[in-house]
Amino acid sequence: MKYALVEIFESLQGEGRNMGRPCVFIRFAGCNLSCPWCDTDVRERFSLGLEDILAELRRFKSRSVILTGGEPTVAEGMPELVAALKREGFWVAVETNGTSNAPWLSFVDYVACSPKAEYPDSLRLGFADEVRVVASSESVAYFCRRVRQTVSATDYYISPCERDGNMDFATAKAVLGKLDGWSLSVQLHKLLGFR
Ligand code: SF4
């Protein structure tokens, strides 16, 4: 089987607890949500088999891999890919919108869950290492309280929403003002202009 992909590239993690960590990003095509402010192109650009992905990863220096999208939990063959990455000795993280509680998520080293307030009933994941919610409006604070009851995590972050190239810090700050135990996570890659 082949994995539908958008891109594979090496960069620094731009947000959350692992901000600044050099990683190889594998961006999978496709998503099961359609967030109104989404700026990620999730169309398939190419497809690779498992061995071809491993060969591609050997071109990079980093031994840390982030599986992202789109939404990686909608891709087929993820248990096999995660098992192969672990066999190769990679630190493996996943970025998910939390709409799946697929068993393979228990076998990665780090789960970053980013549930969407626009789809409040879609959350299925009950655990994560970190949770990041985009502050698309001040009312997101109500959703965050619900997320906190549903997803057990170590860190809970609010991310500013980006619209038309502008980062909305004011709404993020207002949301944080309504919550306890949540912190700001800036998207460093957008602020500094790296991928
Ligand atoms: S879940 Fe992520 S990739 Fe999917 S539409 Fe929303 S922001 Fe875009």
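How big is the dipole moment of the range 1-40 about its Cα centre under a simple scheme where the beta carbon of each Lys and Arg is +1, that of each Asp and Glu is -1, and everything else is neutral? Debye, nearest 20, please. Provide the component values of the computation, followed by the final result.
Numbers: 4 positive and 4 negative charges, 32 e Å.
Computed charge dipole of the range 1-40: roughly 160 debye.
Helix 78-87 and the longest principal axis of the C-alpha atoms of the chain enclose an angle of approximately 70°.
Taking a quarter of the surface of the Cα convex hull of the range 76-195, what do you get in nm²?
Details: hull surface 33.2 nm².
It is 8.3 nm².
Ignoring any ligand, DNA or RNA, what whole percent of the accessible area of the chain comes from carbon and sulfur when the probe is 1.4 angstrom? If you can, show how the numbers build up before the last one.
Working: 4480 of 9310 Å².
Summing carbon and sulfur atoms, their accessible area is 48 percent of the total for the chain.
Stretching the chain fully between residue 17 and residue 76 yields a gain of 18.5 nm (0.36 nm per residue, less the alpha carbon separation).
Note on residue 178: aspartates and glutamates with a C-alpha under 12 Å away, same-chain residues under 8 apart excluded, are 138.
Determine, from the Cβ-Cβ distance of residue 169 and residue 142 and an R0 of 22 Å, the FRET efficiency 1/(1 + (r/R0)^6), rounded to the nearest 0.05.
Numbers: r = 20 Å, r/R0 = 0.92.
Here the calculated transfer efficiency is 0.65.
For the range 83-114 versus the range 150-180, the inter-centroid distance based on Cα atoms is 23 Å.
Please calculate how many Å² of accessible area the range 3-192 carries per residue, with a 1.4 Å probe and no DNA, RNA or ligand atoms counted. It would help to have the intermediate numbers written out before the result.
Working: 8780 Å² over 190 residues.
Accessible surface, normalised per residue, equals 46 Å².
Take 117-125, 38-46, 22-30 and order them by the average number of nearby Cβ atoms within 10 Å per residue, most first; the result is 22-30, 117-125, 38-46. Listed peptides 128-140, 162-174 appear in the order 128-140, 162-174 once ranked by packing, highest mean of other Cβ atoms within 10 Å at the front.
Here's the list of aspartates and glutamates a cross-link from residue 2 could span, going by alpha-carbon distance under 15 Å and ignoring same-chain residues fewer than 8 apart: 44, 51, 52, 56, 76, 80. For the cross-link pairs 61/190; 61/86; 61/116, the ones whose C-alpha atoms lie over 26 Å apart are 61/116.
Pairs of Cα atoms nearer than 8 Å and 6+ residues apart set the relative contact order; for the chain it is 18 percent. The charge dipole of the chain, taken about its Cα centre with unit charges on the Cβ of Lys, Arg, Asp and Glu (plus for the first two, minus for the last two), comes to roughly 320 debye.
The values are calculated or read from the model by the stated rules, or taken from the named source; none is laboratory data. Source: prediction; values computed, not measured. Because the Cβ atoms are built from the backbone with ideal geometry, glycine has one as well, and the counts that use them run over all protein chains shown. For the accessible areas, the whole protein counts, side chains as well, though only heavy atoms, and no ligand, DNA or RNA atoms are used. Shrake-Rupley method; radii C 1.70, N 1.55, O 1.52, S 1.80 Å.
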